[in-house]
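Working notes, beginning with the structure itself.
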Amino acid sequence: MKISDVTRFECTVSNGWEVTHNELLHLSIDEIETITELDPGVEVLDIYFLQDLFQAVNRRERKLLDVGWYPDGDPKGSYVLLLLNECHDRVGHFDWDYPEDEFTTRDYPLLFEKIQAVLSSCSGV
């Protein structure tokens, strides 16, 4: 499979959500060995399975949705989705220690469903 044929995740945003970062691809960890068109020495894991893959913010509800691959670049890792609340005493800072919701999977279609569910509401995953 050519890397240029892999499409980026697209979502419908509502209820005050704004996507601020999106590097999520329709690419399974099981497909990485089939990817072509990469520069010599470049690994798919090093550029597409990272901790910073997707973020959306809802300023009205004071929430942040964060998605990453953990551990970074590890073929045995998983996607982790966190729904965070803004710290009460620090505007624009989110409580990473106590997420409102957390979801872990290696299945990107299921991950995309969960992201869309959160972006369609403010009630978590």
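The values are calculated or read from the model by the stated rules, or taken from the named source; none is laboratory data. Just so we're clear, the structure is a prediction, and the values are computed from it rather than from any experiment. Here the Cβ positions follow ideal geometry from the backbone for every residue, glycine too, while neighbour counts run over all protein chains shown.
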message: Condition (residue is in contact with a Leu (Cβ under 7 Å, 6 or more places away or on another chain) and at pLDDT 95 or above) applied to segment 38-52: is it met by at least one residue?
response: no
- request: Could you please give the count of residues in segment 1-57 that are within 17 Å of Leu81 (Cα to Cα), assigned to a loop (DSSP other than H, G, I, E, B) and touching a Ser or Thr at 6+ places or on another chain (Cβ under 6 Å)?
  value: 1
- prompt: When you go through (1) assigned to a strand (DSSP E or B); (2) surrounded by fewer than 13 Cβ atoms within 10 Å (Cβ to Cβ) one by one for Asp74, which number turns out not to apply?
  reply: (1)
query: Among the candidates Gly77, Gly73, which residue alone is at pLDDT 95 or above, more than 14 Å from Phe9 (Cβ to Cβ) and touching a helix residue (DSSP H, G or I) at 6+ places or on another chain (Cβ under 9 Å)?
result: Gly77
- request: May I ask you to list the residues in segment 11-32 that are under 23 Å from Leu45 (Cβ atoms) and under 15 Å from the mean Cα position of the chain (by Cα)?
  value: His21, Asn22, Glu23, Leu24, Leu25, His26, Leu27, Ser28, Ile29
